[in-house]
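Notes follow the structure.
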Amino acid sequence: MIEPTAIEPLASADVRRFPLRPASATSMAMLAHLSIRDFVLIDRLDLGFAAGLSALTGETGAGKSILLDALGLALGGRADAGGVRKGAASASVSASFEVDAGHPALALLAEQGLAQPEDGAPLILRRVLAADGRSRAFANDQACSVGLLRQLGGMLVEIHGQFDTHGLFDPATHAGLLDAWAGLGRDATAVAARYAEWAAARQALADTQAAIAKARLEEDYLRHALAEFETLAPQPGEEKTLAESRAILQAREKLAEALAEARSELEGQRGVESALRAAQRSLERVAAHAGERFDKAIAALDRAASETMDAAAEIEAAGDALSEGGADLDKTEERLFALRALARKHRTNVDALADLQAEIAGKLAALDHGEAGLKKQAQAEAAAKATYLAAAKALSAARQTAASKLDKALAKELPPLKLEKARFRTRLSPRPESEWGPGGLDAIAFEVATNPGSEPGPLAKIASGGEMARFMLALKVVLAKADAKRGLVPALVFDEVDAGIGGAVAAAVGERLARLADEAQVLVVTHSPQVAARADTHLKVAKTATAKSAATSVGVLDPAQRREEIARMLSGASVTDAARAAADALLAGTG
């Protein structure tokens, strides 16, 4: 009998690891370690798990469900203040997983901006539950939402109990499972691609139709607006030019007065130019007697006279320009104000009017030629739809064949599990066109009838919890290869899948769990010695109680302890030599 104390994780020699696989192959997940603090009846527990099949046994009420509840909490399950051990301020549960490099859980961490574990390090999910019922979630010691923890947990572990209403019981997963089981993954991917192409063509057609419809509603307005634009013919930069011309024309009188004054000053009584030339001649008459002393003065007077002539000519030209443009002010202002009014009307600026004119003209041209373009897009949409339908119908036919084969494969698994009267059916129902999608034309659902003559219905409607768990086991056995093909193999947990059965049926359950353990890590909570004897690792839950408290502990059984536990499961409280001999037979028969 094990002592009711916490145990250390399994040593490496005790753990049967999965074979190494390349990162591009199936992504495996293995629950390596569970650490529990102050949860219900557990004070402190550190438990290691091996690959293969692990059986968890113990007397009724020992606390096996507490372990599963603790694991569920770490995987993002519902938190309840009653989970905190009496007298403790909080409870915490950590679950460590070994995952392959390409596991989707790692991609989800990266997508959420959380650091991934270093090479070779485990992925750790942790939940802390306070006594007031509030909880915090962590992934690799980084705070995260409970929703994210639940997503990660769903990728790492599947828990199947007697009263499951999720997982394989969710019809949304059935099409993918059937496709993977039948090797139709590429066909399904092709259908999804054809649907995306059809959806894009359909959207393009709808956008064009909407644009044409809108343009038709605006056609009268657009044609009136274009006529206004064509009348004005606005040009880029025209506002600045007109504004400058207007400013000059408005100051015309002042400018003319200034020019007249300048002209008067230059002309004077004698005229500046005449005075300069007279002074130049006076110096030139006596320059020969002065050597070179007058040369610079004579040259300066000559330049001044020439510049004066140029200035007078410019003043005359400016005056002529002002007098000739006198009639342009009204026209300039009229055009400038018209352009600004048009810009205000269209809520833009004057410089953008030319572009807006081109845009309006383009809309009208599209409207005039839209029917031809619309016809081409309608043809493209019809062609894309036909291509999608051809691929989807081919997939539907292949699915129908695969469904028949799956039904037969599952039918072979049911009688050994005491479900010989049950009937499994993969139902394919055509969806209305409004529900066609990337998954094809079919609504796919796994259904079962447990009583002869009854019509099959949803898996979750099965009345008996024991039947439900065994049916789940049969499905998992048949679909195990499908999980591998889908590239994701989580750890599997079965809670009392053997409830209400024994003998040959229990042996059949154990044999199927062992088969599953060849594909994935499997943990089973069981009361069946036939199932426990199949396990690669045997863990026992024990509860010790005093007048004031009770505590639950878990230990890994060595061969002698395992023989004794299986004998107890066979005979009850009093373990007999006959029960030990039967335990030896069970253990020998599974070797």
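The values are calculated or read from the model by the stated rules, or taken from the named source; none is laboratory data. What you see is a predicted model, and the numbers here were worked out from it, not measured in a lab. Here Cβ is always computed from backbone atoms with ideal geometry, including for glycine, and neighbour counts include all displayed protein chains. Ligands, DNA and RNA are stripped out before the accessible areas are found, and what is left, the full protein with its side chains, is counted by its heavy atoms. Shrake-Rupley method; radii C 1.70, N 1.55, O 1.52, S 1.80 Å.
Residue pairs, Cβ under 7 Å, 6 or more apart or interchain, first in segment 34-56 and of a type in the set (K, R), second at pLDDT 90 or above. List them.
R37/A91; R37/S92; R44/R37
Please work out if G48 is on the phi > 0 side of the Ramachandran plot, at pLDDT 55 or above and either buried (at least 18 other Cβ atoms within 10 Å of the Cβ) or not hydroxyl-bearing (S, T, Y) (or both). Break it down stepwise before answering.
Working: on the phi > 0 side of the Ramachandran plot: no; at pLDDT 55 or above: yes; either buried (at least 18 other Cβ atoms within 10 Å of the Cβ) or not hydroxyl-bearing (S, T, Y) (or both): yes.
Taking the combined requirement at face value, the residue does not satisfy it.
Against the condition at pLDDT 90 or above and crowded, with 17+ Cβ neighbours inside 10 Å, how does S135 come out, does it pass?
Judged against the criteria, S135 is a match.
So, A196, is that one without any contact (Cβ under 8 Å) to a residue 60 or more places away in the chain, out of contact with any helix residue (DSSP H, G or I) (no Cβ under 6 Å at 6 or more places or on another chain) and not charged (D, E, K, R) or not?
no
Looking at G589 and the list (1) at pLDDT 85 or above; (2) part of a helix (DSSP H, G or I), which single condition is not satisfied?
Only one criterion is unmet by G589, namely (1).
Mind listing whichever residues of segment 341-355 are in a helix (DSSP H, G or I) and either charged (D, E, K, R) or free of Cβ contacts under 8 Å to residues at least 60 places away in the same chain (or both)?
Answer for segment 341-355, where residues must be in a helix (DSSP H, G or I) and either charged (D, E, K, R) or free of Cβ contacts under 8 Å to residues at least 60 places away in the same chain (or both): A341, A343, R344, K345, D351, A352, D355.
Evaluate the following for G76: is it touching a strand residue (DSSP E or B) at 6+ places or on another chain (Cβ under 9 Å), of a type in the set (G, A, S) and assigned to a helix (DSSP H, G or I)?
no
Report yes if A583 is open to solvent by less than 30 Å² (accessible area, probe 1.4 Å), of a type in the set (G, A, S) and part of a helix (DSSP H, G or I), otherwise no.
Criteria met by A583.
With T60, T26 as the choices, which residue is β-branched (V, I, T), over 22 Å from A137 (Cα atoms), modelled with pLDDT under 85 and open to solvent by 60 Å² or more (accessible area, probe 1.4 Å)?
T60 is the lone residue from the list that is β-branched (V, I, T), over 22 Å from A137 (Cα atoms), modelled with pLDDT under 85 and open to solvent by 60 Å² or more (accessible area, probe 1.4 Å).
Would you mind finding the one in A386, A409, A358, A397 that is over 30 Å from F446 (Cα atoms), surrounded by fewer than 17 Cβ atoms within 10 Å (Cβ to Cβ) and of a type in the set (A, V, I, L, M)?
Just one listed residue meets the conditions, A358.
I need a count of the residues in segment 321-344 that are farther than 17 Å from Q235 by Cβ and at pLDDT below 90.
The qualifying residues number 11.
Having 1 or more residues that are among the β-branched types (V, I, T) and under 30 Å from A445 (Cβ atoms) is the bar; report the strands (runs of 3 or more DSSP E) wholly within segment 124-242 that clear it.
The qualifying strands (runs of 3 or more DSSP E) are 157-160.
I want to confirm something. Restricting to segment 276-320 and keeping residues that are surrounded by 13 or more Cβ atoms within 10 Å (Cβ to Cβ) and under 30 Å from T241 (Cα atoms), which single residue is modelled with the highest pLDDT?
A311
Under 22 Å from V554 (Cα atoms), open to solvent by less than 30 Å² (accessible area, probe 1.4 Å) and hydroxyl-bearing (S, T, Y): which single residue out of S90, S94 fits that description?
S94
From the list I248, I212, exactly one residue is in contact with a helix residue (DSSP H, G or I) (Cβ under 8 Å, 6 or more places away or on another chain) and under 30 Å from L329 (Cα atoms). Which is it?
I248
Just one of the numbered conditions (1) within 34 Å of the chain's Cα centre (by Cα); (2) surrounded by 13 or more Cβ atoms within 10 Å (Cβ to Cβ) is not true of P415; which one?
(1) is the only condition that P415 fails.
With respect to the numbered conditions (1) part of a strand (DSSP E or B); (2) open to solvent by 60 Å² or more (accessible area, probe 1.4 Å), which one is the sole condition not fulfilled by S553?
With (1) part of a strand (DSSP E or B); (2) open to solvent by 60 Å² or more (accessible area, probe 1.4 Å) applied to S553, the lone miss is (2).
Applying the selection to segment 25-71, what residues are part of a helix (DSSP H, G or I) and among the polar types (S, T, N, Q)? First the steps, then the outcome.
Kept after step one, since they are part of a helix (DSSP H, G or I), are these residues of segment 25-71: 64-71.
S65, the sole residue that qualifies.
Please verify whether A107 is open to solvent by 20 Å² or more (accessible area, probe 1.4 Å), part of a helix (DSSP H, G or I) and closer than 21 Å to G147 by Cβ, treating the condition exactly as stated.
yes
Kindly establish whether L428 is within 30 Å of A508 (Cβ to Cβ), in contact with an Asp or Glu (Cβ under 7 Å, 6 or more places away or on another chain), open to solvent by less than 50 Å² (accessible area, probe 1.4 Å) and assigned to a loop (DSSP other than H, G, I, E, B).
On the way: within 30 Å of A508 (Cβ to Cβ): yes; in contact with an Asp or Glu (Cβ under 7 Å, 6 or more places away or on another chain): yes; open to solvent by less than 50 Å² (accessible area, probe 1.4 Å): yes; assigned to a loop (DSSP other than H, G, I, E, B): no.
No: the conditions fail for L428.
Residues E511, E467: which one is part of a helix (DSSP H, G or I), open to solvent by 10 Å² or more (accessible area, probe 1.4 Å) and at pLDDT 85 or above?
Working: E467 fails: at pLDDT 85 or above.
Within the list E511, E467, the selection yields E511.
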